[in-house]
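J.: Supplied in structure tokens, the structure appears directly below.
Every number here is computed from the coordinates shown, using simple stated rules; none is lab data. Quick caveat: nothing in here was measured; it's all calculated off a predicted structure. So basically every Cβ, Gly included, is an ideal-geometry build from the backbone, and we count neighbours across all protein chains shown.
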Amino acid sequence: MKMEFDEFLAAPECGVVIVTYPDIFRTEAGLRHGKFSKEYQELSAVIVLDSGDMAKIEVTDGDLVEIKSEAGVVVVRVKESEKEHPGIGYMPEGAWAYILGASPVTPPASTLALSAKVGRSRQEIPAIEDVYRR
Amino acid sequence: MVCTGCALLCDDVEIGENGCRHACRIGDAHITSTNQIDPMVNQSPVDMDAAIKSAAEILVSAEKPVFVGFGNSVTEAQATGIELAEKVGAEIKTFHTDIFDDILDGRVKTCTLPEVRDYADVIIFLGCDPMNTHPRLLSRYAYYPRGEKRQHGWEEDRTAITIDLRFSHTASICKEAYTIDPNRQIEFMDALMDALSNKVPKTTYDKKRILKLAGTLKKAEFGVIFAGTGASAPPRDAIIRLMDRLNESSDFRLLPLAPGYNLRSIAEQLRQLHNRPGDDGDGGSDSSSGGSGMDLHEADCILCLGFDLMNSLPAHGINGKMIVIDPNETLTSRYADVVIPCAAGGIDCAGSAVRMDGETVEIPLIRESERLSDGAILKQLLEVV
């Protein structure tokens, strides 16, 4: 298999605090198309980043990024924020965020400011059943 | 018809041949959803009787069973679920019921949604985004409608403010939005408490804005805080302290915005159970909000009643056998040891429910189906365990 030169280099990373949020379109997609649907995945596997943070890790809107926390790793699509919020990454509620430890049902969720590292990824977004395997 | 898409239980939804009228996006998708599941044991299809028999066997042999969910079942099914939990010695975990407990115990003042519509002049959305979770809250009760004492509605009579970790969709239509740094949530709440006590807050946040917020809150004639329950919500004790401070100078009520259409009912039933004579609260059935009681990974059997537990947890939190009773396919049902499909409350199952403000609402059927209700399934389990 041919390797590109930049595959030997580590992708730049940026520290972020993950905050989850509800998304009505994602809820709707889950009800209408099911939680294993492409529509639900596309609206769930997302991180909204500050444009400055995106520049630091050399990604643009729609690129894939890997997010690593103490609890887990996940690949999601990056979305450029309309607002400035350096150091904060907003993710829709659901499995792709909760794999990182941002669960609303395990204490102390309400005070959680989950730290994570985010960087460019060459992996694909995992399907929901791969995010959480028993 | 009554929509069971969220705890607002909107009663003006009309179902016709061309779909739903008046329902929001969540309600319409909820009512028209066809994403149903088949009975399964060990991920293989079986008939209903076999699935119920397998579930009963797991429950009987379990030493540390836990029941989770209950927020998406009608009140009658919840009562049967409590009976079953008592019989098998299961703990009931009902996530996000903390604030309901505070309201029911009289620790904080509350009000009804029609009272919000008629009297509320200052409305705070604290750590919540109803535009994405309870979409018709603002149009039916909290912001836009003219009320008995608020004839000018949102234009003049109401001030809506968001305090949240994110500039949400709700924030974008409110008159003021305070976006808190997730690393400095306590600092914000302390600064607001100082400002409410007429002290200049010691904070790195904009002092003038916090003093202005405190001034608005203190002048409220009928203030309402809608508190979220998700990861962006402030700690519960911070909300209680804020409510106490606000009520020293003005008149504020609290209403939680929780997931599930009937969470308040299970909170009420569990409270009654614990307060009944001779019950010391340490019996077989117990309620907790996820913060206390048995850890889920300690449980050897978890019964999920209308709740997608795995889609709410970090990975590898669960080791016990899993039983799912749910109308729809979920991540949890994909991996459960036993899956029992049921009718959905307010769609093909009638009953009653308690709206988020404590009003009991009768839930009629929208359409007939051959699916058993969750209450009927729990009754069958109750008979055989």
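J.: Within 10 Å of each candidate Cβ there may be at most 12 other Cβ atoms; applying that plus a DSSP loop requirement, which trypsin sites (Lys or Arg not before Pro) in segment B:303-377 survive?
T.: B:Arg367
J.: Oh, and also: Pull up the cross-link candidates among the lysines for B:Lys207, meaning alpha carbon to alpha carbon under 28 Å and not fewer than 8 places away within one chain.
T.: A:Lys83, B:Lys175, B:Lys199, B:Lys218, B:Lys219
J.: Cα gyration tensor of segment B:23-161, axes a ≥ b ≥ c as square roots of the eigenvalues: rounded (a/c below 1.5), prolate (a/b > b/c) or oblate?
T.: prolate
J.: What does the C-alpha gyration tensor say about the overall shape of the protein assembly as shown? Classify as rounded when a/c is under 1.5, otherwise prolate if a/b is larger than b/c, or oblate.
T.: oblate
J.: Using θ = phi - 60° and the Karplus form 6.51 cos²θ - 1.76 cosθ + 1.60, what ³J(HN,Hα) does each residue of segment B:36-42 get, whole Hz, x for Gly and Pro?
T.: Whole-Hz 3J(HN,Hα) from phi for segment B:36-42: 9, 10, 9, x, 9, 10, 6.
J.: Related question: If you take the square roots of the eigenvalues of the alpha-carbon gyration tensor of segment B:99-257 and sort them as a ≥ b ≥ c, do you get rounded (a/c under 1.5), prolate (a/b over b/c) or oblate?
T.: rounded
J.: What's the center-to-center distance, using Cα atoms, between segment B:181-202 and segment B:136-162 in Å?
T.: Each part reduced to its Cα centre gives a spacing of 27 Å.
J.: Here is a follow-up. Where is the GNM fluctuation largest for chain B (alpha-carbon springs, 10 angstrom cutoff): B:Gly228, B:Gly19, B:Gly358?
T.: For chain B, modelled as a Gaussian network with Cα springs under 10 Å, the answer is B:Gly19.
J.: Need one number: % antiparallel among DSSP beta bridges in the protein assembly as shown, to the nearest 5.
T.: 35 percent
J.: Measure out, as a whole number of angstrom, how far apart the alpha-carbon centroids of segment B:1-75 and segment B:308-385 sit.
T.: 4 Å
J.: So how do A:Glu28, A:Glu129 line up by other beta-carbon neighbours within 10 Å, fewest first? Numbers along the way, then the final one.
T.: Numbers: A:Glu28 22, A:Glu129 15.
Taking fewest neighbouring Cβ atoms as first place, the list is A:Glu129, A:Glu28.
J.: What are the lysines whose alpha-carbon lies under 24 Å from the alpha-carbon of B:Lys93, with same-chain residues fewer than 8 places away excluded?
T.: B:Lys93 reaches A:Lys35, B:Lys53, B:Lys64, B:Lys321, B:Lys379.
J.: Hey, another quick one. What's the local net charge at B:Tyr119, with K and R +1, D and E -1, over the other residues with C-beta under 11 Å away?
T.: Spelling it out: positives minus negatives among the neighbours equals -2.
J.: Using DSSP, restrict attention to beta bridges with both residues in chain B and report what percent are antiparallel, rounded to the nearest 5.
T.: Close to 25 percent.
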